[in-house]
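The values are calculated or read from the model by the stated rules, or taken from the named source; none is laboratory data. As the structure is a computational prediction, the values presented were derived from the model and not from experiment. Glycine also receives a Cβ, built like all others from the backbone with ideal geometry; neighbour counts cover every protein chain displayed. All accessible areas refer to the heavy atoms of the entire protein, side chains included, with ligands and DNA or RNA removed. Shrake-Rupley method; radii C 1.70, N 1.55, O 1.52, S 1.80 Å.
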Amino acid sequence: MTDDEKALWKDLSLEDANKLAHENIKDIIAFGFNPEKTFIFCDLEYIPSCKEFYWNMNRIQKCINYNQAQKCFGFSGDSYIGKISFPAIQAAPSFSNSFPHIFGNKKVHCLIPCAIDQDPYFRITRDVAPRLKQNKPVLLHSTFLPALQGAQTKMSSSDSNSNVEMSDTPKKIKTKINKHAFSGGKGSIEEHRKLGGDTSVDVPYHYLRFFEPNDERLAEIKRDYESGALLSGETKKRFWVDPPASVFVKGNSRGPKG
């Protein structure tokens, strides 16, 4: 958990950034990760305790000059020096010997699922890896959940009506989806039945693409919505009832216990 990054880029104290990271950890756990196979750490806590991680950071720092970092990340003269050095911190977990308590000295390939905004960090990591005799990390790019206001927008933690949070109750999820989720439906039932809905802009359908586990059911929803057989309200209902919303219910039930 990059709580150090959050403190550098947001107007947050280290204490608040670390506290938020622990809340994010609860969200991750809610997805059902196997505790026997999962190691979750916060930078602010783990790095001071692990010499190998810190040494890898320093090795990476010696491989990246300011011009490279500036071109890759757009740093300017008023950027905090912590931001300039952060790419080395982000890169270090790509190397398995940063976690000696798990891998020892084994060289294990690292698979990094990340959104496209994190790509520059790991492109530069792939550049320096051979110089450090390390394996290049492999990236798996994911996509952002859109904000409720539209499929081409991004959720914002500062606007609670733009997102569905892991701690939201089923009732709150229903209200947010019904009230704020942008619809690809037509202006009237008659028009919708005739012309069908537009799944390319319909936010509830986009959410179902992430959370509906049954591909056949998702294809059926898409087909029925675009044909007009399924109305906008019915598509919204498909999200906030089980199973898609169940992951949020799970997060809500586990959150206070952490």
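Numbers for the structure displayed
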quantity	calculated
Cβ-based net charge around Asp43, under 13 Å, with every Lys or Arg adding one and every Asp or Glu removing one	-3
With every protein chain in place, the chain: carbon and sulfur % of accessible area (1.4 Å)	53 percent
Accessible solvent surface per residue of the range 23-173, calculated while the other protein chains remain in place, 1.4 angstrom probe, Å²	60 Å²
Sites Ser200 and Asp159, calculated FRET efficiency, Cβ-Cβ separation with R0 25 Å, nearest 0.05	0.60
Virtual spin-label span in nm between Val138 and Glu216, 7 Å along Cα→Cβ	3.0 nm
Heavy atoms of Asp117: accessible area, 1.4 Å probe, square angstrom to 10	80 Å²
Relative contact order (percent, whole number), the range 79-162, Cα cutoff 8 Å, 6+ residue spacing	23 percent
Helix 51-61 axis, angle to the chain major axis (alpha carbon atoms, nearest 10°)	90 degrees
Value of [θ]222 nm, deg cm²/dmol, for the chain, DSSP H segments ≥ 4, -39500 (n - 2.57) each, nearest 500	-14000 deg cm²/dmol
Radius ratio Rg over Rh of the chain, counting only Cα atoms, Kirkwood formula for Rh	1.04
Segment Cys63-Asp11, length gained on full extension (0.36 nm per residue, minus Cα span)	15.8 nm
Under Karplus coefficients 6.51, -1.76 and 1.60, residue-wise ³J(HN,Hα) of the range 16-31 in Hz, glycine/proline x	5, 5, 5, 5, 5, 4, 5, 5, 5, 4, 4, 5, 5, 4, 4, 7
